[in-house]
1. Please identify, among Ile68, Ile55, Ile77, the residue showing maximal mean-square fluctuation in a Gaussian network model of the chain using a 10 angstrom Cα cutoff.
2. Please name which of Ala18, Ala61, Val37 has its Cα lying farthest along the dipole of the chain towards the positive end, using unit charges on Cβ (Lys, Arg +1; Asp, Glu -1) and the Cα centre as origin.
3. Thinking of segment 20-103 as a set of Cα atoms, what percent of all their pairs are more than 19 Å apart?
4. Just to be sure I understand: with springs between alpha-carbon atoms less than 10 Å apart, which residue in Leu50, Leu36, Leu58 has the highest mean-square fluctuation in the Gaussian network model of the chain?
5. Which whole-number percent gives the relative contact order of the chain, counting Cα pairs below 8 Å spaced six or more residues apart?
6. Could you state the angle between the C-alpha long axis of helix 90-100 and the longest principal axis of the C-alpha atoms of the chain, as a value from 0 to 90 degrees rounded to the nearest 10?
7. Can you give me the angle between helix 67-77 and the longest principal axis of the chain, using Cα atoms only, in degrees from 0 to 90, rounded to the nearest 10?
8. Describe numerically, in nm with one decimal, the distance between label points set 7 Å from Cα along Cα→Cβ at Val44 and at Lys72.
Amino acid sequence: MNNLIRTHDQRLLALRKANDIRTSRAIIKRGLRDGLVTTSELLVHPPEYLQTMRIESLLRATPKIGPITTVKIMRQIQISPSKTVAGVSPRQREALLFALRGR
């Protein structure tokens, strides 16, 4: 149980890191919206802060892909809703890239 007790400084560091990740993800989502970056580029070379983002969130942030299309793509490729960018298999990543071509 002692491993779960964190010092005040450790909690602050964790909060700072989480806020940095949220800020970075918001910037990426704006970049997707504005066409500065593509989802395919992010899947091929994901930044470290995107590794723990769920695939569902990344697809939903992609222009012209709404909740229904996101569910259809994920079911077709057999990706769990809880799967993260780092957690997809090479086969799933290739299938995602194929599904996203032209978008």
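Each value in this text was obtained by applying a stated rule to the coordinates, not by laboratory testing. Keep in mind that what you see is a predicted model, and the values were worked out from it rather than measured. Here Cβ is always computed from backbone atoms with ideal geometry, including for glycine, and neighbour counts include all displayed protein chains.
1. Comparing Ile68, Ile55, Ile77 in the GNM, the peak value goes to Ile68.
2. Ala61
3. The answer is 28 percent, as a whole percent.
4. Leu36
5. Relative contact order comes out at 26 percent.
6. Helix 90-100 and the main axis of the chain meet at about 60 degrees.
7. 80
8. It works out to 2.5 nm between the two label points.
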